[in-house]
Amino acid sequence: MSPYALSMLMSSLAVGTIVTLSSHHWFLAWMGLEINTLAIIPLMTKMHHPRATESATKYFLTQATASALILFSTTINAWMTGEWSIMNMTNPTPTVILTLALAIKLGIAPFHLWLPDVLQGLNMLTCLILSTWQKLAPMALMMLTSHQLNTNLLIAMALMSTIIGGWGGLNQTQMRKIMAYSSIAHLGWMILVISFAPSLALLNLLIYLVLTSSMFLMLMTLNSTNTNKLSISWLKTPTLAASMMVTLMALGGLPPTSGFLPKWLILQEMTKQHLGTLSALMAMSALLSLFFYIRLSYTISMTSPPNISNSSLTWRKKKNLTYLIPILIIMSATMMPITPTLLLLN
């Protein structure tokens, strides 16, 4: 792809998200979401492969449906209230439609089926953008309207997302599908607490962005798209393979890594809200995700051959984003000690 076209598309992605984040009018927010969708589709199809075209088509149809529902719900709300303000979603009918539309945008269960298939047909850089940057605008709208959304609906979708995100990743061998199910599970934790403490949902989103970005950048550096290629990563770069194990444990939520911090605070908040049974179910569903993270760690560390592999190794060229990896790995592993400070801010 031409550098000029790439820079224009990346600028459009940034502009679309910024327009949505800074808008108070529903039509402007919808317009930012549309700019986002239209800017990433050429990035998806730049591989000129039928699978990439299929992924772009699925993504476009899903996002177009969600955008139509958002416009429909906000039009009904404007018809009932007489204004287009984002903070004024008082009627239950457009609020439920808006919740479902944002769930489709984000890939939250039961509207998650498009996400693993779309990611599987893309390259790692586009998967990184789709799993991180494209979540910002819909999640911002959900946080802005969190005090007006249906709490029971959000809790049901959150529990379903964590269970499906853990269960779906158990039998996967493709890294992109595993990261898709990981994204679904993490989004479940975010929308669980978004009605009770939006600041905790924002903290979870920030840590999710750090962990997912570091994981995708390491997979890009090692050129590992499935577990078989991941098993020989120890022979290529032992330090990076060890760092990947730490990041996987952080994604699973094991202490003392950064991934334990949001889960601990969210379960604490749910207990304060007298939702003990829900907290127990969420904690048990997190074990499903932890299992396939541990399985990947086992693949990296324990299944490498005792001598150098006879297969031809991929050429290790320098990546443009390699300098970000050490920073993201350090943030993935060492944010746990700042918990008291975050509690004071909260």
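Structure values in brief
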quantity	calculated
Mean-position separation - Cα centroids, the range 194-265 and the range 8-41, in angstrom	27 Å
Kirkwood-based Rg to Rh ratio, the range 104-177, C-alpha trace	1.00
Length added when fully stretched, residue 48-residue 71, from 0.36 nm per residue minus Cα-Cα	5.0 nm
Extension gain, residue 5 back to residue 287 (0.36 nm per residue minus Cα-Cα distance, nm)	97.2 nm
Angle between the chain longest axis and helix 151-168 axis [Cα atoms, degrees, rounded to 10]	20 degrees
Tilt relative to the chain, helix 324-334 - C-alpha long axis, 0 to 90 degrees, to 10	80 degrees
Gain in span if fully extended, residue 83 to residue 341, counting 0.36 nm per residue against the direct Cα distance	88.9 nm
Heavy-atom accessible area ranking, 1.4 Å probe, most first, across 114, 133	133, 114
Accessible surface, 1.4 Å probe, highest first, among residues 143, 179, 331, 80	80, 331, 143, 179
Two-site FRET efficiency, residue 171 against residue 147, from Cβ-Cβ distance with R₀ of 35 Å, rounded to 0.05	0.35
J(HN,Hα) series, the range 46-54, from Karplus relation 6.51 cos²θ - 1.76 cosθ + 1.60, nearest Hz, glycine and proline x	6, 6, 6, 10, x, 5, 5, 5, 4
Accessible area of residue 18 in the full protein assembly, 1.4 Å probe (Å², nearest 10)	100 Å²
Table column - 3J(HN,Hα) (Hz), the range 271-284, Karplus curve with 6.51, -1.76, 1.60, x for Gly and Pro	5, 5, 7, 6, 10, x, 5, 5, 4, 5, 5, 5, 5, 6
Cα gyration tensor of the range 154-217 - equivalent ellipsoid semi-axes, whole Å, descending	21, 16, 5
Degrees between helix 92-106 axis and first principal axis of the chain (Cα, 0 to 90, nearest 10)	20 degrees
Förster-model FRET efficiency, 25 Å R0, residue 12 and residue 206, C-beta, rounded to 0.05	0.55
Highest average packing first - 151-158, 188-195, 286-293, Cβ atoms within 10 Å	188-195, 286-293, 151-158
Under the Karplus curve 6.51 cos²θ - 1.76 cosθ + 1.60, θ = phi - 60°, whole-Hz ³J(HN,Hα) for the range 16-28, x wherever Gly or Pro sits	x, 5, 5, 4, 5, 5, 9, 8, 10, 10, 5, 5, 5
The range 150-344, accessible surface, carbon-and-sulfur percent (1.4 angstrom probe)	67 percent
27 Å Cα-Cα threshold exceeded, pairs from 135/263; 46/236; 229/263; 177/236; 46/263	46/236; 229/263; 46/263
Amide H contacts of residue 123 (H built 1.01 Å from N, under 5 Å, at least 5 apart or other chain)	none
For residue 54, solvent-accessible area (1.4 Å; no DNA, RNA or ligand), Å²	80 Å²
Assigned charges on the beta-carbon of Lys, Arg, Asp, Glu; the chain dipole about Cα centre (debye)	1000 debye
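The values are calculated or read from the model by the stated rules, or taken from the named source; none is laboratory data. What you are looking at is a predicted structure, and each value in this text was computed from that prediction instead of being measured. Methodologically, a virtual Cβ is constructed for each residue, glycine included, from the backbone with ideal geometry; neighbour enumeration extends over all protein chains shown. Quick note on the areas: whole protein, heavy atoms, side chains included, nothing else; ligands and nucleic acids left out. Shrake-Rupley method; radii C 1.70, N 1.55, O 1.52, S 1.80 Å.
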